[in-house]
Each structure stands twice: as structure tokens, then as C-alpha cells.
Amino acid sequence: MAGCLDASSVAAVLARMAETRPRVHCLTNTVAQNVTANMLLAFGAIPSMAVHVDEVAGFAQGAGAILINLGTISAEGELAIPKLLEAARDHHKPLVLDPVFVELSPLRRHIAREVLRLPDVVVRGNATEMAALASELDAAERVTRVTTGKVDHIEGKRGALAIAHGHPLMTKVTGLGCASSALVAACCAVETDPVIAAGAALTAFGIAGEIAAAKSAGPGSFAVNLIDALASLDEALLRRHMGERA
Amino acid sequence: MAGCLDASSVAAVLARMAETRPRVHCLTNTVAQNVTANMLLAFGAIPSMAVHVDEVAGFAQGAGAILINLGTISAEGELAIPKLLEAARDHHKPLVLDPVFVELSPLRRHIAREVLRLPDVVVRGNATEMAALASELDAAERVTRVTTGKVDHIEGKRGALAIAHGHPLMTKVTGLGCASSALVAACCAVETDPVIAAGAALTAFGIAGEIAAAKSAGPGSFAVNLIDALASLDEALLRRHMGERA
Amino acid sequence: MAGCLDASSVAAVLARMAETRPRVHCLTNTVAQNVTANMLLAFGAIPSMAVHVDEVAGFAQGAGAILINLGTISAEGELAIPKLLEAARDHHKPLVLDPVFVELSPLRRHIAREVLRLPDVVVRGNATEMAALASELDAAERVTRVTTGKVDHIEGKRGALAIAHGHPLMTKVTGLGCASSALVAACCAVETDPVIAAGAALTAFGIAGEIAAAKSAGPGSFAVNLIDALASLDEALLRRHMGERA
């Protein structure tokens, strides 16, 4: 049975983020790069997004975590992926895969399969994407599955969590799923249990969405308020939105 | 003589958009990708922006419409264009061309010429861009010309429309012309007459601009409010801004 | 000893910007493209961001200034750089280099060295980036160094300025350093002394940051208000924030 995190566990991850300010190296789609970088900064992490095959390994080796998002995968990005996988393997970096629209593209399925040869990958996708990758996920070693939707389901070797935060406006802004994968990666840089890391990221993200939605007139203002809310999170706010008493 | 659409015609197109939620496959410039995706979502459509030559055909074949925008055309994007044209031809997908800055680039003029070999293309540009492409447009088969500016002029084989909505702040935010081309493509996915489709898109876009401008302190807040306004449009709002009684 | 500009000098540069509306050709990273373009528009300049090797020279030759930002340098961007340097040299265009994260990448250091073979380059970076490039900057001919931080330091052959405007929220929004480099380039298009040009750009940018911060609830709303503030600057506002009497 899936459990849930309490506010102090989420706050503890966020506190380590604020202290250590991990850099997350993101190979991500050009649509979501800006919102992903701003979300990481609001969360207390540092984004880097180099893609050139001659420098991407160096950026990844020194990062706290690595994100591979297939949203607008380019030929250049495709060449960068083996470098990122090697950096993750050799330097023991947590790696998050976001298989955007994998159900529409044999190329993306092929790349996802290559990424999943690495053990301990965290995969964050929506239900359609996760279903399209089911056999690859079943074959992967110690994978953590993060399926986001109205309720987010996180399943790893060491446990499972269900997160019921967020707001429907989150589906009306481009790149928010992609950005949430980057937040999961940021938490993996400061929390060794990927289930707890993903749970902390998605709880914080979902609560920021609830706070932002209450102030917003539509998806445009929601996107702005979401970044403000993410930057404002503290344990008291988390507690209030998680129905806990101080 | 150019006519204009009434609110119920525009609302009918938007209602079909909300029902069918067409996916618009956009090969578009990296500056405008984010705002284009957010505008499409606010409009009720779904954006996809794959560019890799090994997957772009698959994305285009299943889409409701295709957009080709030359704003930051890359070597990779250039390779993708023949695939998009083939998908449009073989699968009868409406295709919109946005010839950004074509007056500055022989490369873009050359690509535009290739795109215009396809019949039934809709071309959306400003007066300078449309003038630079005049001979190509004259030679094109069943082209629909959409020249946007203070008044938008739409000319097709089956008629012409003039749309006098919008606000000067729309020229102060990057990518709004590009995004409007994507909205035209979205409407083409749910309305077979390209003149009516373009008219509905630009009327809705222009009215959203009027609503947003009334609330905005400058181009930054205008860009945010424009997305809120686009997501809030209904027949009553359209009617009010089109000077019609209920 | 470093001096500072007065409000009327800054306003004079902005007035020439509003009159001549220079186009700034930006080879810049895909994370910062959108905010860079919107900042340039708010400033009264026109952005163009072509990168394709077959057209980038044409775009650069007709521009008022050129920006090279290494943030997400691609193989395609790398090929474009010699074309930009040639255009700058042959057509006497001011050129600004932004060596993002150069301390993490031998590739970027190599490219920066190539760019600095051109005389009269303006380099805008943070203290870490400028320190990493120290030997290259020492070897460069008539370079202007713009080191931004809590206080911005500008050093050229003809003088030095220190600018003490801005707000800590500016470090919490992605791409603002990159955008500030584009504003420096825009000012170089209308002011021949690069020290004064950089000083005017960073004074205006810093004051816009102060105005925006006073209205903002976090980094999301700050990014929006910053664009509004930049578009609203006039001599009276500058004077008030520079502690001058009318």
C-alpha cells in the first residue's frame, strides 16, 4: 500500500536543497527549458543545459543530478545521451528520464530503452507515456516509476507513495510536467532514496500549484504565481496544505 | 470586398476546438516555442514540437494541422521540412507557413518556395514579409494569404475577410505573431474553409489582446494576461467585443 | 577610479534607442532567447536570432550590434560564430560576448579565445566567468570588461564605471544576465563609447529591477514586472532612482 510523506520530511529535503544548492544538468526540450530553469531556481537548485557533445560530459560529471527529457530530442541531443549515461554511471549521479510523447515515436522508445540500461533510473511520465514504456520499465533494473496525474504514484524497490496535491490548471501550462521531472532530479541530488526524493518534489510542486491556483485568473497568471509559490514554500505552508497541525 | 465574421461563427470554431482538442505539430523557432505552446493550450489545442528527422513525420501524420515557422530555422529543421510537406500531402493535413524575416534571408525565401509547391497552404506574415514573398504567393496554387497588422487581411479563393481587433502592445511581445500562426493552424484543424479558420483565430486572438491590454501595466504583464484572456473567451465575451447584442 | 553615469546620460542613450530602434542579432542560448527578445523589445530594440550557417552572416551584417552568448552553444552555433566575427569585422559592428559557465567548459574557453581575437569586444560575465577568462581578457585588444554582480564594474580603455543598481531577485530568474548582455549590445548600437553604452544598459536594467522588486511576490512575478518596468523607464524615473533632483 502506498504511503505519503509528512510535511517535515518534505521540508527536510527542501532545507538540504537550500543549503547545498545542487546543480541539475538538464538535457531537455527547448519548449520547457525556460520554465524548467526558473522552477529549479525557485526550488533552490541551479540549472545547466549544455548539449554540445564536446562539453556535455563535463557539465554532467560535476552536477548533483542529471535529467534526460525527450520532448524535442535533436540529433545533437541524441549524441549527448551516451555521454550523460556514462557520466551518471562513472560518477554515480542520479538520473531522471522524462519520456515525453514516447507513445508517438519509435525513436523515443529506442532512446528510453538505452537510458533504462542504466540501473536506478527514475522515470517520470504521465499514464499514457508510462503505459507505452511498460515492457521497458519491467525489464529495467531497480527503476523508480513516477506516474503523474490527478494523483501521482511513485513506485520503487523500497516502497511506494501516492501524492494527491496539485490543480487542473497545471495541465494547461506547457512544460510543467517537464519541470516537475527536473524538480525530482534536484531532490535526488540531496536525498538518496529516490522514492522519498520524488515524493518531496511532487508534494512541493503540487502544493505550490494549489497556492498559485487560488490567486490566478487563468493559465498565464497561474504559470507566474506557481514560480512565486514554489519559491515561498516553507514547513508551515507545507503543513497547512497537508492538513497537519503545527 | 472583405467581409467580417460574426461572434457566433467564431464561437462555433472555438467550440469545435474545445470538443476535439486537435494536436498542432509545430516546427517553429526556439524563441517562440514556449508562448506558442501556451497559446495553443489556452485555445484548447495540443502542441507538439518534435524536429528530429527520424520522428517528425510520425508526429505530423497524426496531427490535426501542421505549422512551419522559419524564425530560427536550423539545419535540422531544414531537413524536417520535406517530411512535413510529405505528411501534409499524403495525409491531407492543413499546413500554415509563417515566413518570419523572409525579407532578410535568401535561405528562407528558398524554403518558402518549396513549401508553396504544396497546394492550399495558408501563409501568415506581416506586410513586409508578405511583400517579400509576393511572386511566390502569386505562383502558388490555392494559397490563403493572411497579412496581419493594425487590420488583418485574409484573402483566399473563396472570399476575403478583414479583422480589426488587437492592440499595439501585441507588437511589443516576442513570438505573438508566431503564436497567432499556430492558432490559425489550430482553427484549420477544425474548420475546412481556411478563410473562416484564419478569421476565427485572428478575431479571437485580437479580442484576447484587447481584454488583456485593459488590465496590463506593460508588455510583461500583457503577455501573461493575453494567455488568461485567450483561455477565458466565450461567445458572450466575443459578442461584447464585436459590438453585437446578445 | 570608477565614475558613474548621471540620469541624463542614460536617458540620452535610451532616447537614441527609441529613435533608431536598432536590431540586435543574438546568437544566444535557447533557455534565455525568449526573455532576451522581450527585454530588447521593452528597451526599444529589435531582436533577431537566426543561427543557420547559410543565413547568419546576412542577419549580422545588417544589424546594429551582435551578441554571442555561449549558454547552450550547439555544433550549429559553433559554425555560425566565424560568420558573426567576419560580419562584425567587415561591417564594423559592435560585438558583445557573454561567456556563460566558461569555467566549466574548455570548449567555451576555446570559443571565447577565438572571439577575443577581434578587437573592441565587450565581454559581460559574472565574477567567476570573468576570472576564468582572465588571461584571455588580458591578451585581448581594446576589450571592455563588464563584470556584473551586486555592483557592476565596467572597465575599458577610456574609463571605468561602477553601477550599484539592481535587486537580489535578479539572480533568481534564469536568463537575466544573458538578457543584460543583449541590452549592452543594444546600447552599443547607439553609443560609440562601449563604457558609456554598458553603463547606460546596466543602470537602466538595475533600476528596472528595483522598480519591479517593489511590486513582486517572488521570482515569477518579478520576471514579468521587470519587463514592464524596463518598458516604462524615462528620465524622471531614472532620476528618482539615481537620487538626483529634477
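Going through (1) touching a Lys or Arg at 6+ places or on another chain (Cβ under 6 Å); (2) at pLDDT below 95 one by one, B:N225 falls short only on (2). Exactly one residue out of B:T171, B:T203, B:T148 is surrounded by fewer than 21 Cβ atoms within 10 Å (Cβ to Cβ) and among the β-branched types (V, I, T), and it is B:T171. Just so you know, in region A:189-243 the residues that are within 15 Å of the chain's Cα centre (by Cα) and part of a loop (DSSP other than H, G, I, E, B) include one that is nearest to the other protein chains (Cβ to nearest Cβ), and it is A:A189.
Annotation: of all residues in region B:34-50 being farther than 18 Å from B:P94 by Cβ and either within 13 Å of the chain's Cα centre (by Cα) or surrounded by fewer than 24 Cβ atoms within 10 Å (Cβ to Cβ) (or both), the one that is farthest from the other protein chains (Cβ to nearest Cβ) is B:V35. For region C:134-149, give me the residue count where each residue is touching a strand residue (DSSP E or B) at 6+ places or on another chain (Cβ under 7 Å) and in contact (Cβ under 8 Å) with a residue 24 or more places away in the chain. Residues meeting the conditions: 4.
Checking every residue in region C:207-222 against the condition of being surrounded by 21 or more Cβ atoms within 10 Å (Cβ to Cβ) and acidic (D, E) gives zero matches.
Going by the conditions given, is A:I73 of a type in the set (V, I, T), more than 9 Å from every other protein chain (Cβ to nearest Cβ) and more than 24 Å from C:T171 (Cα to Cα)? Taking the combined requirement at face value, the residue does not satisfy it.
Listed conditions (1) under 27 Å from B:S48 (Cβ atoms); (2) hydrophobic (A, V, I, L, M, F, W, C); (3) crowded, with 22+ Cβ neighbours inside 10 Å are all met by A:C188, apart from (1). Tell me, please, whether a residue that is on the phi < 0 side of the Ramachandran plot, in contact with a helix residue (DSSP H, G or I) (Cβ under 7 Å, 6 or more places away or on another chain) and without any contact (Cβ under 8 Å) to a residue 12 or more places away in the chain can be found in region A:75-95. So far as region A:75-95 goes, yes, one or more of its residues are on the phi < 0 side of the Ramachandran plot, in contact with a helix residue (DSSP H, G or I) (Cβ under 7 Å, 6 or more places away or on another chain) and without any contact (Cβ under 8 Å) to a residue 12 or more places away in the chain. Taken together, the residues in region A:118-141 that are among the hydrophobic types (A, V, I, L, M, F, W, C) and outside any loop (DSSP other than H, G, I, E, B) amount to 9. Restricting region A:11-24 to residues that are more than 10 Å from chain C (Cβ to nearest Cβ) and within 29 Å of C:E78 (Cβ to Cβ), the residue that is nearest to the chain's Cα centre (by Cα) is A:V24.
Hey, any hits in region C:155-178 for a residue that's part of a helix (DSSP H, G or I) and hydroxyl-bearing (S, T, Y)? The answer is yes, given that some residue of region C:155-178 is part of a helix (DSSP H, G or I) and hydroxyl-bearing (S, T, Y).
Inclusion of C:A179 among residues that are within 14 Å of chain A (Cβ to nearest Cβ) and either farther than 30 Å from A:L40 by Cα or buried (at least 21 other Cβ atoms within 10 Å of the Cβ) (or both) is warranted. The residues on offer are C:K93, C:K83, and the sole one that is within 14 Å of chain B (Cβ to nearest Cβ) and among the charged types (D, E, K, R) is C:K83. Every listed requirement among (1) farther than 21 Å from C:A198 by Cβ; (2) out of contact with any strand residue (DSSP E or B) (no Cβ under 8 Å at 6 or more places or on another chain) is met by C:G62 save one, (2). The listed residues are A:T174, A:T144, and the only one of them that is more than 14 Å from chain B (Cβ to nearest Cβ) and within 28 Å of A:L116 (Cβ to Cβ) turns out to be A:T144.
The values are calculated or read from the model by the stated rules, or taken from the named source; none is laboratory data. Bear in mind the structure is a predicted one, so any value in this text is a computation, not a measurement. With ideal geometry, Cβ positions are generated from the backbone for all residues, glycine too; neighbour counts draw on all protein chains shown.
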